[in-house]
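Novice: What follows is a structure written as structure tokens; I'll ask about it next.
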Amino acid sequence: MTPEPGTDRLDALLAQVLGSVAGEDARLRELVGGIVTHLHAFVRETRPTEAEWLSAVDFLVRVGHTCTETRNEFILLSDMLGVTSAVDEVNHTGPPTMTPSSVEGPFHSPAPPRPLGAWIAEGPERRRGEPTVVHGRVTDCDGVPVAGAVLDVWQADDAGHYDSQDPEQPDGNLRALLTTGPDGAYWFRTVLPSSYPVPTDGPVGELLRAIGRHPMRPAHVHVKVRAAGHRPLTTHVFVAGDPYLGSDAAFAVKDALVADFRPSADPRFGMDGPFLAAEFDIRLVKEGDPR
Ligand SMILES: [Fe+2]
């Protein structure tokens, strides 16, 4: 087979670039060598024109210029290309019974400590939204309760907005730090979150439109759990039945993270009208577990 024109020179060029990667840090050399190898392979495969290459550079410059103290367009780009979920996947292996991890997303901020059972909806959504209880137990992968686990939860309101995006919501709204009791149980009262679009007014939104993709994330509650002696977990609880579960713009859905939010009349939760309840148990991996 006749090689593509310039193949020898491209081989020599790649070898020269890889040969120039030096320095003390072996891991950095591996990462830089890997990305150079993949970028060169991409160029050889797709043969971008110079105009296309310049347009890609311009795109990345605009992604950078869109970043502010409170907005990271690069993270959004990584999320939208599934790279964040891929990094999550390679970093969080464990026993099959563990609760799977999922991406943190861009809306985490410090949450107020609240007692178990607290109402975490304190803005106008409390009147509008569908009253909801989320409850469950934190255990290890063998079902042993984890007392003193700290759950950091955050979610959007019934209109799909986080407190940081909505001047009508008080700071810390729809966020909480909850500590499990001796039985590992946790619960809180809230409103049902809505699905929402990722920000589309920047270059990443432009890219989504250009490749014919919607920007929606299925409704979810974010949860981070920290407990002594256990691996930290960052994950989501997704609302079963959401129309975007099969096409999450951030590719973060895992079957085990989808919970039913069912009509309930359970008197334990002290609700004074109809509400939805979702049970979501969290199984942490013990530190030192080789799996
Ligand atoms: Fe979110």
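Novice: Return the single residue from 213, 127, 29 with maximal mean-square fluctuation; model: Gaussian network over the chain, springs between Cα atoms under 10 Å.
Specialist: 29
Novice: What are the residues whose amide H is under 5 Å from the amide H of residue 119, where those residues sit 5 or more places off or on another chain and H is modelled from the backbone?
Specialist: 189
Novice: Taking the range 134-206 as the region of interest, what is the percent of Cα-Cα pairs per 10 angstrom bin, listed from the shortest bin to the one with the maximum distance?
Specialist: 18, 35, 26, 16, 5
Novice: If you don't mind, another one. Along the range 180-190, what does the Karplus equation 6.51 cos²θ - 1.76 cosθ + 1.60 (θ = phi - 60°) give for ³J(HN,Hα), rounded to whole Hz, x for Gly and Pro?
Specialist: Going residue by residue, I get 6, x, x, 8, x, 7, 9, 6, 8, 10, 7 Hz, with x marking Gly and Pro.
Novice: Can I ask one more? Given a cut-off of 25 Å, what percent of all Cα-Cα pairs of the range 168-291 lie beyond it? Don't skip to the answer; put the middle values down first.
Specialist: Numbers: 3013 of 7626 pairs.
Summing the P(r) tail past 25 Å for the range 168-291 gives 40 percent.
Novice: Next question. On the accessible surface of the chain, probed at 1.4 Å, how many percent belong to carbon and sulfur atoms? Could the numbers behind the result be given before it?
Specialist: Details: 9210 of 15890 Å².
Carbon plus sulfur share of accessible area: 58 percent.
Novice: Rounded to the nearest 500 deg cm²/dmol, what is the calculated helix-only ellipticity per residue at 222 nm for the chain, with -39500 (n - 2.57) per DSSP H run of length n ≥ 4?
Specialist: Values: 7 runs with 80 residues, N = 291.
So the helix-based figure for the chain works out to -8500 deg cm²/dmol.
Novice: To the nearest 0.05, what FRET efficiency results for residue 159 and residue 247 with a Förster distance of 22 Å applied to their C-beta separation? Mind showing how you got there, number by number?
Specialist: On the way: r = 21 Å, r/R0 = 0.94.
So the FRET efficiency works out to roughly 0.60.
Novice: OK, next. Accessible area per residue of the range 181-255 at 1.4 Å probe, in Å²? Don't skip to the end; give the middle numbers.
Specialist: Numbers: 2910 Å² over 75 residues.
Using a 1.4 Å probe on heavy atoms only, each residue of the range 181-255 averages 39 Å².
Novice: Take the alpha carbon atoms of the range 1-128, find their radius of gyration, then divide it by 2.2 N^0.38 Å using N residues; give the quotient. Walk me through the intermediate numbers first.
Specialist: Working: Rg = 22.4 Å, N = 128, 2.2 N^0.38 = 13.9 Å.
For the range 1-128, the normalised Cα radius of gyration comes out at 1.61.
Novice: Still on this model: So if we plug the beta-carbon distance of residue 25 and residue 130 into 1/(1 + (r/R0)^6) with R0 = 51 Å, what FRET efficiency do we get, rounded to 0.05?
Specialist: Numbers: r = 52 Å, r/R0 = 1.01.
For residue 25 and residue 130, the calculated efficiency is 0.50.
Novice: How much length is gained on full extension from residue 18 to residue 57, taking 0.36 nm per residue of separation minus their Cα-Cα distance? It would help to have the intermediate numbers written out before the result.
Specialist: Values: separation 39, 0.36 × 39 = 14.04 nm, distance 2.19 nm.
Full-extension gain reported as 11.9 nm.
Novice: Can you list residues whose amide H is under 5 Å from residue 275's amide H, if they're 5+ apart or on another chain and H is modeled 1.01 Å from N?
Specialist: 264
Novice: Based on the alpha carbon coordinates of the range 1-71, what radius of gyration and maximum Cα-Cα distance (Dmax) apply, in Å?
Specialist: For the range 1-71, the Cα radius of gyration and maximum Cα-Cα distance read 16.0, 54 Å.
Novice: Same structure again: So between residue 83 and residue 214, what do we pick up on full extension, going 0.36 nm a residue minus the alpha carbon distance?
Specialist: Details: separation 131, 0.36 × 131 = 47.16 nm, distance 1.75 nm.
Value of the extension gain: 45.4 nm.
Novice: Convert each backbone phi in the range 22-35 into a coupling constant with the Karplus relation 6.51 cos²θ - 1.76 cosθ + 1.60 (shift: θ = phi - 60°), then list the ³J(HN,Hα) values in order as whole Hz, x for Gly and Pro.
Specialist: For the range 22-35, the Karplus-derived couplings read 10, x, 6, 8, 5, 5, 5, 4, 5, 5, 5, x, x, 6 Hz, x marking Gly and Pro.
Novice: Once you compute Rg and the Kirkwood Rh from C-alpha atoms, what is the Rg to Rh ratio for the range 55-134? Write out the running numbers ahead of the final one.
Specialist: On the way: Rg = 18.1 Å, Rh = 16.5 Å.
Across the range 55-134, the Cα-based Rg/Rh ratio is 1.10.
Novice: Same structure again: Semi-axes of the equivalent ellipsoid for the range 89-165, please: Cα gyration tensor eigenvalues, times 5, square-rooted, ordered largest first, whole Å.
Specialist: On the way: eigenvalues 149, 59, 28 Å².
Sorted largest first and rounded, they come to 27, 17, 12 Å.
Novice: Nearest 20 debye, what's the magnitude of the dipole of the chain about its Cα centre given +1 on Lys and Arg Cβ and -1 on Asp and Glu Cβ?
Specialist: Working: 26 positive and 41 negative charges, 85 e Å.
Here the chain has a charge dipole of around 400 debye.
Novice: Rounded to the nearest whole Å², what accessible area per residue is found for the range 1-52 with the 1.4 Å probe?
Specialist: Details: 4440 Å² over 52 residues.
On a per-residue basis, the range 1-52 sits at 85 Å².
Novice: Using a Gaussian network for the chain with springs between C-alpha atoms less than 10 Å apart, which of these wobbles most: 257, 76, 39?
Specialist: 39
Novice: Sticking with this one: Residue by residue through the range 51-57, what is 3J(HN,Hα) from phi via Karplus (6.51 cos²θ - 1.76 cosθ + 1.60, θ = phi - 60°)? Round to whole Hz and write x for glycine and proline.
Specialist: These are the phi-based 3J(HN,Hα) values: 5, 5, 4, 4, 5, 5, 4 Hz.
Novice: Can you check how the C-alpha radius of gyration of the range 7-47 compares to 2.2 N^0.38 Å, as a plain ratio? Before the final figure, lay out each step's value.
Specialist: Details: Rg = 10.9 Å, N = 41, 2.2 N^0.38 = 9.0 Å.
Cα-based Rg divided by the globular estimate yields 1.21.
Novice: Something else: State, to one decimal in nm, how far the label point of residue 272 lies from the label point of residue 207, with both points 7 Å from Cα in the Cβ direction.
Specialist: Result: 4.9 nm between the two label points.
Novice: Find which of 64, 237, 31 sits farthest along the positive direction of the dipole of the chain, computed with +1 on the beta-carbon of Lys and Arg, -1 on that of Asp and Glu, about the Cα centre.
Specialist: The residue sitting most towards the positive pole is 237.
Novice: Can you check what the Kirkwood hydrodynamic radius comes to for the range 99-239, Cα pairs only, in Å to one decimal? Provide the component values of the computation, followed by the final result.
Specialist: Details: mean 1/r = 0.0626 Å⁻¹.
Evaluated on the range 99-239, it is 16.0 Å.
Novice: For the chain, what log10 I(q)/I(0) values come out of the Debye formula at q = 0.08, 0.13 1/Å, with one point per alpha carbon and no solvent?
Specialist: Summing over Cα pairs of the chain leads to -0.45, -0.98.
The values are calculated or read from the model by the stated rules, or taken from the named source; none is laboratory data. As the structure is a prediction and not an experimental result, all values here were calculated from the model. All Cβ positions, glycine included, derive from the backbone under ideal geometry; neighbour counts span all protein chains shown. For accessibility, only protein heavy atoms count, side chains too; no ligands or nucleic acids. Shrake-Rupley method; radii C 1.70, N 1.55, O 1.52, S 1.80 Å.
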